[in-house]
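Novice: Got a structure for you, written out below as structure tokens; questions coming shortly.
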There are 2 protein chains.
Amino acid sequence: MPELRKDPVLGRWIIIAKERGKRPTDFVIAEEPVLGGFCPLCPGNEKMTPSEVLAYGREHDHGNSPGWKVRVVPNKYPALVIEGELEREAEGLYDKMNGIGAHEVIIESPRHDDSFAELPSEHMILILKAFQHRIQDLEHDERFRYVLVFKNYGKAAGASLEHSHSQLVALPVLPRKIYSELTGSLTYYKYKERCVYCDIIHQELKQDVRVVCRNDHFITLTPFAPRTPFEMWILPIKHSSAYHQQSDEQLTALAQIFTESLCRLDACIPNVPYNFVLHTQPLRSENLSHFHWHFEIVPKLTSIAGFEWGSGFYINPMPPEEAAMYLRESLERIS
Amino acid sequence: MPELRKDPVLGRWIIIAKERGKRPTDFVIAEEPVLGGFCPLCPGNEKMTPSEVLAYGREHDHGNSPGWKVRVVPNKYPALVIEGELEREAEGLYDKMNGIGAHEVIIESPRHDDSFAELPSEHMILILKAFQHRIQDLEHDERFRYVLVFKNYGKAAGASLEHSHSQLVALPVLPRKIYSELTGSLTYYKYKERCVYCDIIHQELKQDVRVVCRNDHFITLTPFAPRTPFEMWILPIKHSSAYHQQSDEQLTALAQIFTESLCRLDACIPNVPYNFVLHTQPLRSENLSHFHWHFEIVPKLTSIAGFEWGSGFYINPMPPEEAAMYLRESLERIS
């Protein structure tokens, strides 16, 4: 019998179609051919990108030159532009405003062939810290309300450049999904006086069937009502609504679990394309008792794409308990 | 300057990135190879599908045999099963229920190679009528709250069989997106005492920049805040919340505009894969003054897929005014 499951924050129902049950080996992803050719993100080509806004690792003071370990530059083809005023206005019953915002590229490594999931821990920490610094910096710009940090890995997930990178978009509005999480978790908080994500973590640790891995500060789990096979969330165990306020100790633990989670995913489905999105509180927000920052990692398995995103209604052939089992066993199986 | 636009019903913001402006010819879709081989949906193979629930066009009384023009059968690999009770229950803070529902396939033509957009008008009417009859029938089952009618056209949009078909899923819950439309349009109604979709139609007819085509009963437009290039909505001009209550005269007009809209889309981007989803009122609902049934047609242009559906935040490189212009001119250009 298939099962219908409700996301406790969004209220979204998902069908878990066990009868269509799939094993990780049913998802075979072709390795993407190496394209070669000129790469604007490689060291030596710093002048080919817009002028950097952040760089870590140089032992000299010359910007836009080699020697960096992580480098953040404005996107050369931005979806939003940084200069101008919002000029909110109506068009009859419609609302619009100028597309003001920042669109930046976080170049995750100087080495063209490095894979995000295989970076050493101290390097991963730099990337996570760069996300923090950019959010802190963009928070000063009163025009922006949210910074959306995300990564498209693999062509099927929307990556257009081979060189390992993530992106951020600073927005003058809240993305719909973040807004729904904020209101959904507030409704729960008003009723229970507890954070729904804290309750989820508590229950997941107790049940221990959807936990992929954990360390002292973080937990990775497959959510109760996942949209796709192998969807994973990484959450801090201690309540916090603001990613950019996490301590260095916490970032170190996050780097460890992020790498471990992605390695487990790759061990289950080699080369699987995925997107991750950081969900954190809006800019210049008070700390929120009802919201809990986290990363959502969503593998792109086209075999299950379809009308789903048009209706908000998802059919997932793999129960998250099974996905968690495969993910837990994956590294052990390989070694 | 890019532009941010808000969907007046859902409150979802979209970036229209004009600078990334694309023309229809930038989207080149490879024609899908004809697979051939055995087709369970073809006449003569009626015994290979579960027993039919509806068939039009036979001149004899023998079910599950050739002679039909449109045939509806249960999906052989259903996402939900028809028999059983819902048995709603909690799992700690989570909610779940049995995956009870109907999952049916509407076989749109006996001819294997027929294309949905090229069917003659009287045949198209039969398909639209089959949607109505199935909704009317499933409405009697008290376990169900919504019937989701949709089509996946082309492999990239999720179609797994070549033979032209659409699908329906009867659900014991409301899909998230329909729920958001019902609440969003109700909020507008409470404030204005008018249907937001009626207001949209009124404004679109007046402005005449996003209208693709119209006839006496229907209008096709590109929405103000579209998620993808060439997204189209087909709406009845006269207010109605219930698709299954439309008269035969209205279905005839709908058949005409549906075919015309898809032909215009195909003339712009030959072979483009798409999904369409019917948005109508919940089962056994009173007629709703605030909600307006419609079809949403969303082309699947993978070049713009990415993190969007994970964040609910869309970047669309083509303003709907331009898309409407291309769609309006497309058939004239070809003939």
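The values are calculated or read from the model by the stated rules, or taken from the named source; none is laboratory data. Everything numeric here is computed off the predicted structure, so don't read it as measured data. Note that each Cβ is placed from the backbone with ideal geometry, even for glycine, and that neighbours are counted across all protein chains shown.
Novice: Select from region B:160-172 the residues that are in contact with a Gly (Cβ under 9 Å, 6 or more places away or on another chain) and crowded, with 20+ Cβ neighbours inside 10 Å and list them in ascending order. Write out each step before concluding.
Specialist: Step one: list which residues in region B:160-172 are in contact with a Gly (Cβ under 9 Å, 6 or more places away or on another chain), which gives B:162, B:169-172.
Those that are in contact with a Gly (Cβ under 9 Å, 6 or more places away or on another chain) and crowded, with 20+ Cβ neighbours inside 10 Å: B:169, B:170, B:171, B:172.
Novice: Here's another thing I want to ask about it. List every residue pair whose Cβ atoms sit under 8 Å apart, with the two residues 6 or more apart in sequence or on different chains, where the first one lies in region A:58-79 and is under 15 Å from residue A:130 (Cβ atoms) and the second, anywhere, is among the aromatic types (Phe, Trp, Tyr) and surrounded by 19 or more Cβ atoms within 10 Å (Cβ to Cβ).
Specialist: A:58/A:68
Novice: Could I ask something else about it? Among (1) more than 22 Å from residue B:326 (Cβ to Cβ); (2) in a loop (DSSP other than H, G, I, E, B); (3) facing chain A (nearest Cβ under 10 Å); (4) touching a residue at least 60 places away in the same chain (Cβ under 8 Å), which single condition is residue B:194 missing?
Specialist: (4)
Novice: Just one of B:278, B:265 is buried (at least 22 other Cβ atoms within 10 Å of the Cβ) and part of a strand (DSSP E or B); which is it?
Specialist: Details: B:265 fails: part of a strand (DSSP E or B).
The unique qualifying residue is B:278.
Novice: Mind listing whichever residues of region B:225-245 are modelled with pLDDT of 95 or more and more than 18 Å from residue B:266 (Cα to Cα)?
Specialist: B:235, B:236, B:237, B:238, B:239, B:240, B:241, B:242, B:243, B:244, B:245
Novice: What number of residues within region A:119-142 satisfy the criterion of being among the charged types (D, E, K, R) and either modelled with pLDDT under 95 or in contact with a helix residue (DSSP H, G or I) (Cβ under 7 Å, 6 or more places away or on another chain) (or both)? Give the derivation first.
Specialist: Of region A:119-142, the ones among the charged types (D, E, K, R) are A:122, A:129, A:134, A:137, A:139, A:141-142.
If we keep only those that are either modelled with pLDDT under 95 or in contact with a helix residue (DSSP H, G or I) (Cβ under 7 Å, 6 or more places away or on another chain) (or both) as well, we get A:129.
Total meeting the criteria: 1.
Novice: Across region B:166-181, which residue is nearest to the other protein chains (Cβ to nearest Cβ) among those that are in a strand (DSSP E or B) and over 14 Å from the mean Cα position of the chain (by Cα)?
Specialist: Among them, the one singled out is B:171.
Novice: Any residue at all in region B:151-170 that is closer than 30 Å to residue B:98 by Cα and β-branched (Val, Ile, Thr)?
Specialist: So far as region B:151-170 goes, yes, one or more of its residues are closer than 30 Å to residue B:98 by Cα and β-branched (Val, Ile, Thr).
Novice: Collect the residues in region A:94-128 that are part of a loop (DSSP other than H, G, I, E, B) and in contact with a strand residue (DSSP E or B) (Cβ under 7 Å, 6 or more places away or on another chain), keeping them in residue-number order.
Specialist: If the condition is that a residue be part of a loop (DSSP other than H, G, I, E, B) and in contact with a strand residue (DSSP E or B) (Cβ under 7 Å, 6 or more places away or on another chain), then A:99, A:101, A:108 are the ones that fit.
Novice: For the structure I just gave you, tell me whether residue B:77 is modelled with pLDDT under 90 and among the hydroxyl-bearing types (Ser, Thr, Tyr).
Specialist: When the stated conditions are applied, residue B:77 passes them.
Novice: Within region B:55-93, can you find the residues that are surrounded by 15 or more Cβ atoms within 10 Å (Cβ to Cβ), at the interface with another protein chain (Cβ under 9 Å from one of its Cβ atoms) and in a loop (DSSP other than H, G, I, E, B)?
Specialist: Once the filter is applied, which keeps residues that are surrounded by 15 or more Cβ atoms within 10 Å (Cβ to Cβ), at the interface with another protein chain (Cβ under 9 Å from one of its Cβ atoms) and in a loop (DSSP other than H, G, I, E, B), region B:55-93 yields B:78, B:79, B:80, B:86, B:93.
Novice: Which of the residues belonging to region B:185-233 are of a type in the set (Phe, Trp, Tyr) and either closer than 18 Å to residue B:318 by Cβ or surrounded by 16 or more Cβ atoms within 10 Å (Cβ to Cβ) (or both)? Before the answer, list the steps.
Specialist: Here is the first cut: in region B:185-233, the residues of a type in the set (Phe, Trp, Tyr) are B:188-189, B:191, B:197, B:218, B:224, B:230, B:233.
Answer for region B:185-233, where residues must be of a type in the set (Phe, Trp, Tyr) and either closer than 18 Å to residue B:318 by Cβ or surrounded by 16 or more Cβ atoms within 10 Å (Cβ to Cβ) (or both): B:188, B:189, B:197, B:218, B:224, B:230, B:233.
Novice: Looking at the structure I just gave you, is residue B:37 of a type in the set (Gly, Ala, Ser), modelled with pLDDT under 85 and either touching a Cys at 6+ places or on another chain (Cβ under 8 Å) or farther than 29 Å from residue A:4 by Cα (or both)? Don't jump to the end; show me each part of the working.
Specialist: Numbers: of a type in the set (Gly, Ala, Ser): yes; modelled with pLDDT under 85: yes; either touching a Cys at 6+ places or on another chain (Cβ under 8 Å) or farther than 29 Å from residue A:4 by Cα (or both): yes.
Yes; evaluated as a whole, the condition is true for this residue.
Novice: Let me ask something else about it. Would you confirm whether or not region B:234-245 contains a residue that is in contact (Cβ under 8 Å) with a residue 60 or more places away in the chain, touching a Gly at 6+ places or on another chain (Cβ under 7 Å) and under 19 Å from residue B:116 (Cα atoms)?
Specialist: Checking region B:234-245: not a single residue is in contact (Cβ under 8 Å) with a residue 60 or more places away in the chain, touching a Gly at 6+ places or on another chain (Cβ under 7 Å) and under 19 Å from residue B:116 (Cα atoms).
Novice: Right, here's the next one. Out of the residues in region B:132-165 that are part of a helix (DSSP H, G or I) and in contact with a Ser or Thr (Cβ under 8 Å, 6 or more places away or on another chain), state the one that is farthest from the other protein chains (Cβ to nearest Cβ).
Specialist: Narrowing region B:132-165 to residues part of a helix (DSSP H, G or I): B:132-138, B:155-157.
Then keep just the ones that are in contact with a Ser or Thr (Cβ under 8 Å, 6 or more places away or on another chain); that gives B:135, B:156.
Numbers: B:135: 15, B:156: 8 Å.
The extreme case among them is B:135.
Novice: Then there's this: Does region B:248-265 contain any residue that is within 14 Å of chain A (Cβ to nearest Cβ) and under 25 Å from residue B:123 (Cα atoms)?
Specialist: Scanning region B:248-265 turns up no residue that is within 14 Å of chain A (Cβ to nearest Cβ) and under 25 Å from residue B:123 (Cα atoms).
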